[in-house]
1. Starting from region B:14-114, pick out the GluC sites (Glu not before Pro) whose DSSP state is loop and whose Cβ has at most 10 other Cβ atoms within 10 Å.
2. Could you give the nm distance between label points at residue A:165 and residue B:11, where each point is 7 Å from its Cα heading toward the beta carbon?
3. Does any residue of region B:116-131 lose at least 10 Å² of accessible area with all protein chains in place compared with its chain alone, and if so which ones (probe 1.4 Å)?
4. Say we join alpha carbon atoms closer than 10 Å with springs in a Gaussian network model of chain A; which of A:235, A:167, A:99 then has the biggest fluctuation?
5. Taking the alpha-carbon centroid of each part, what is the distance from region A:126-144 to region A:98-116 in angstrom?
6. Ignoring ligands, DNA and RNA, what accessible area per residue does the protein assembly as shown give at 1.4 Å, in Å²?
7. Compute, for region B:1-115, the length of the dipole vector about the Cα centre, with Cβ point charges of +1 (Lys, Arg) and -1 (Asp, Glu) only. Units Debye, rounded to 20.
8. Tally up the carbon and sulfur contribution to the accessible surface of region B:21-150 as a whole percent, 1.4 Å probe, everything protein left in place.
Amino acid sequence: MAGATAEVLKVRRVSRPRALWRPLRENAIEGLALLGGVLLWEACGWLLPLPWLPPFSHVVAALAQFIESGVIGANVAVSLQGLAIGFGFSLVVGLTVGALMGRYRRVEQALDVYVYAMLLSPSMVFAPIFFAIFGLSDMARIAVIVMYALFVIIINTSTGVRTVDPALVEMARSFGAGERQLFLRILLPASLPLVFAGIRLGMGRAVKGMINGEMFIALVGLGALAQKYGSQFEASKVFAIALVVLIVALFANWIVQIIEQRLTRWAD
Amino acid sequence: MAVAAARRRRQEERLWAWGLPLGVFAVGAGLWELATINSESLIIPTFSQTMVGLYQLLFQTGQLWGPLLLSNQALVLGYVLAVTVGVGLGLGMARARWLESIADPYVHMMLAMPTAPLIPLVMMALGLGIESRVLIVFLFAFIYITVNTRAGVRNVDPGLIEMARSFGASEADVWRRILIPGAVPAILAGLRIGLGRAVNGMVVAELLLVATGIGNLLLEFRAAFHSGLLFATVLAVALEAIVLLALMRVLEDRLAPWASSVVGD
């Protein structure tokens, strides 16, 4: 599975979604491209009689109305609560299992093939099972989030711990470090960049799991709202919710980045 | 003596490599069976019921093949479309500075944006037919193919291009001799990641837009409380994804066995 290592290693630099204001400030062309897109959208919305493409201004109006009425606030809170629980669980289990797999060869041999199988499976296909088991409860939503986020965290953590420079481990050993010290002082800090790559990917996937699970169960949260207005053919409201989801995704990513910067300052 | 010991070590190691995962499987299946065998639950089947269900669906009644084929039509069409557009756009963005600048903020947005909230809009635009499912598969897959293609062409050593130019190579020559071969590993990896995303898109379209193939089968089994068949269908779809992606990996190692840089999700 050496190829997968390359995959997670390179991910950091390229796929990190930059905050939207940065290209705006740094790069006039990119800012203009965004502005042009919005203007084009607005023009098409007015000129073309497409029910699914309202003018951008209508989307903004719908968003403003949502915020004013408190509909968005309540649903964002519900969604974020599920996200926090599901992602928190994935984080604890993922880091633990990943660290054990990375440190102990036998654990890796035992679990590797199953973790990869789950990573490759389309996570959403398990939603009907969770729905059957948990019914309409919050557990179903949270379980979907865990399915999305958990396995990529395990794989990256295990790769990170396993690929720590053996010379470092040997040196720590020769200076008499025990297993606990070895783990806290050497393995944990040295594997941090890869571990965080996994956490970032896991967070991105968790947000997808959050919205997909909510749309499937269609009871609470932003996803349920999108389904509801979709069935009423209220395109500008659906766009407004999609915009909120994008903001939630960027916000979640930003939080992970902040924490990562705090914890990996030693690397600079 | 040393040779014999080494051989014994190797054999032992092979035993671990096979025995451990099989042991985990046996323990997992056993626990599942024990936990559910006495519950007489209509919701959670036993392990053996699930396996029997899978065997029935695949070989006895063959009930799975029709719906699976139906769902996969959208997968094939959407994926082909995503590959065409993704590779084209990726190549264009890698070589044309202006296209890159215009598209870049949108690429970042699409990488961060979950696709599912757009599904109601797809429904409004195209209805509930196969076009909608194809579009959803496309939307799931194409951006990862684009980004990997772009990264592949970008990572080609500029020195090579300069050298080719100084020996009088035209733009077409540079593409054919340097850029395409250099970018092939990343493009192939992008195609594999895109395929994984496309399968996700197929499943999401079935569950969130319109249940035609496997989605419909899942609904039927759930309504009839055929939990063994429900679990078996889920397992079958997961197995399809795993087999497809494993095949892609083999193909990739065959066609481009050298290292690559990859953007995944």
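The values are calculated or read from the model by the stated rules, or taken from the named source; none is laboratory data. Quantities reported herein were computed from a predicted structural model and do not represent experimental measurements. FYI the Cβ positions are ideal-geometry reconstructions off the backbone, even for glycines, and counts take in every protein chain you see. Just the protein is used for accessible areas: all its heavy atoms, side chains included, with ligands, DNA and RNA removed. Shrake-Rupley method; radii C 1.70, N 1.55, O 1.52, S 1.80 Å.
1. Working: sites: B:33, B:40, B:100; in loops: B:40.
Passing both the DSSP loop test and the Cβ count: B:40.
2. In this crude label model, residue A:165 to residue B:11 measures out at 4.1 nm.
3. Buried by the other chains: B:116, B:117, B:118, B:120, B:121, B:123, B:124, B:125.
4. Among A:235, A:167, A:99, the largest GNM mean-square fluctuation belongs to A:167.
5. 27 Å
6. Numbers: 25610 Å² over 533 residues.
Value returned for the protein assembly as shown: 48 Å² of accessible area per residue.
7. Working: 7 positive and 6 negative charges, 129 e Å.
With only Lys, Arg, Asp and Glu charged at Cβ, the dipole is about 620 debye.
8. Details: 4400 of 5890 Å².
Here carbon and sulfur together make up 75 percent of the probe-accessible area.
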